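Visitor: Below: one structure in structure tokens.
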Amino acid sequence: MKLFSIKSVPTMNWSSDRPLNFKPRFLTLALLCFGLVIFGIGEGLLIASGAGVSPWTVFAQGISISSGWGIGVATFVVGVAVLILWIPMRQTPGIGTILNATIIAAVMEVSLPYLPHPDLYVFRAAEAALGVLLVGLGSGIYLVANLGPGPRDGLMTGLQRITGYPIAYVRTFIEIVVVVLGWLLGGTVGLGTLMFAFGIGPALSIGLHIVKILSSSLVEDSL
């Protein structure tokens, strides 16, 4: 489908001209933060659903089990390792790279107590699915801002540029590899984990498509 064949993050009139930009326009920075808030709510919904954690958390769990490290230390080590992989791919960090970690974590912390924690599994699955869609939409908004991706999104965009494959395929491949490695190391995989692994790539493509359409419509309306 054409919707899932997007091969690069689109550049809009409000996008930054470069990732390493310490004086972005207010609109660009505001939309970056808005996208990260949506992203954080999506992550929070996935956790609140109780249907399973994200593939990268499963990977961190597996490393924690096999190494004896705490889950926080394992998560930190994974993040650093991913950033090191940026070097040969010539990925450029920016304000968005820093805000990715801080805003998403803060939104998750604040929103979790207020998000539903359903008992019926069908509602858990629905909440997890909504979480995946929101992560995709939030990712689309903040990536189009072009102020630097988060560690994992940077790995995705770097591999996409090297391979030339659509973003949806590259992201899905990464998530599946990560969840399989995490499971082999002893991490716990749930329905929500699989929904995220197989759904985040398409959800991100949908998010980028929505952002592109809305941005283009707003430009046309202003003319």
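Visitor: Would you call Gly201 touching a Leu at 6+ places or on another chain (Cβ under 9 Å), within 26 Å of Leu20 (Cα to Cα) and crowded, with 18+ Cβ neighbours inside 10 Å?
Guide: Against the criterion (touching a Leu at 6+ places or on another chain (Cβ under 9 Å), within 26 Å of Leu20 (Cα to Cα) and crowded, with 18+ Cβ neighbours inside 10 Å), Gly201 does not qualify.
Visitor: Quick one: which of Ala51, Ala30, Ala81 is in a helix (DSSP H, G or I) and closer than 21 Å to Gly187 by Cβ?
Guide: One residue alone meets the criteria, Ala81.
Visitor: Within the range 60-80, can you find the residues that are surrounded by fewer than 15 Cβ atoms within 10 Å (Cβ to Cβ) and more than 17 Å from Val180 (Cβ to Cβ)?
Guide: Within the range 60-80, Ser67, Gly68, Gly70, Ile71, Gly72, Val73, Phe76, Val80 qualify.
Visitor: Any chance the range 125-137 includes a residue that's at pLDDT below 95, among the charged types (D, E, K, R) and assigned to a helix (DSSP H, G or I)?
Guide: No.
Visitor: Now, a different point. What's the total number of residues in the range 1-56 that are surrounded by 13 or more Cβ atoms within 10 Å (Cβ to Cβ) and either at positive phi or among the aromatic types (Phe, Trp, Tyr) (or both)?
Guide: 7
Visitor: Still on this structure, please answer the following. Kindly provide the set of residues from the range 100-124 that are closer than 30 Å to Gly154 by Cβ and surrounded by fewer than 20 Cβ atoms within 10 Å (Cβ to Cβ), ordered by number.
Guide: Within the range 100-124, Ala101, Thr102, Ala105, Ala106, Glu109, Val110, Ser111, Leu112, Leu115 meet the criteria.
Visitor: When you scan the range 5-26, do you find a residue that is in contact (Cβ under 8 Å) with a residue 12 or more places away in the chain, of a type in the set (A, V, I, L, M, F, W, C) and not in a loop (DSSP other than H, G, I, E, B), even just one?
Guide: Within the range 5-26, none of the residues are in contact (Cβ under 8 Å) with a residue 12 or more places away in the chain, of a type in the set (A, V, I, L, M, F, W, C) and not in a loop (DSSP other than H, G, I, E, B).
Visitor: Please go through (1) part of a helix (DSSP H, G or I); (2) modelled with pLDDT of 95 or more; (3) not small (Gly, Ala, Ser) for Leu147 and return the number of the only condition it doesn't satisfy.
Guide: (1)
Visitor: Oh, and also: Out of Phe123, Phe173, I need the residue that is farther than 30 Å from Ser67 by Cα and more than 13 Å from the chain's Cα centre (by Cα). Which one?
Guide: Only one candidate qualifies: Phe123.
The values are calculated or read from the model by the stated rules, or taken from the named source; none is laboratory data. As the structure is a prediction and not an experimental result, all values here were calculated from the model. Reconstructed Cβ throughout: ideal geometry from the backbone, glycine too, with neighbour counts over all protein chains shown.
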